[in-house]
Amino acid sequence: MVKVNVQGGTLQQEEINAYIARGKKQAPDKLLTEVDIKLDGEWADISYHYTNPSFERIRRITGYLVGTLDRFNNAKRAEERDRVKHSLT
């Protein structure tokens, strides 16, 4: 859900949707959270606010790329638990 703030007048929903689509197109790798629209006669000053999308950690465990271990059977869970973890220090 994108929050839209309009100052200095009113806009039709079609135009608001077009501004939202433009903001999403400008930064497809980010999550559009808010649009500020300041109207001044024929002009519109638009500010887009983004956040980075949530990041899910993916690891290679026992030859598989996984985010969580919830689908592993007991043997694979034990294999993960018993593996040697290396550090950079």
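All of the numbers you see were taken from the coordinates with simple rules; none came from a lab. Owing to the predicted nature of the structure, the values given are computational and were not obtained by experimental measurement. Here Cβ is always computed from backbone atoms with ideal geometry, including for glycine, and neighbour counts include all displayed protein chains.
Restricting the search to strands (runs of 3 or more DSSP E) fully inside segment 1-70 and requiring at least 1 residues that are charged (D, E, K, R) gives 3-7, 31-40, 43-51, 59-61. Take residue 24 and tell me if it is surrounded by 14 or more Cβ atoms within 10 Å (Cβ to Cβ) and more than 19 Å from residue 7 (Cβ to Cβ). When the stated conditions are applied, residue 24 passes them. The residue pairs whose first member lies in segment 62-73 and is over 18 Å from residue 84 (Cα atoms), whose second member is surrounded by fewer than 10 Cβ atoms within 10 Å (Cβ to Cβ) and acidic (Asp, Glu), and whose beta carbons are closer than 8 Å, counting only pairs six or more residues apart or on different chains, are 67/56.
If a residue has to be in a loop (DSSP other than H, G, I, E, B) and over 30 Å from the mean Cα position of the chain (by Cα) to count, how many in segment 71-86 make the cut?
Just the residues of segment 71-86 that are in a loop (DSSP other than H, G, I, E, B), to begin with: 71-73, 83-86.
From what is left, the residues that are over 30 Å from the mean Cα position of the chain (by Cα) are 73, 83-86.
Residues that pass the stated criteria total 5.
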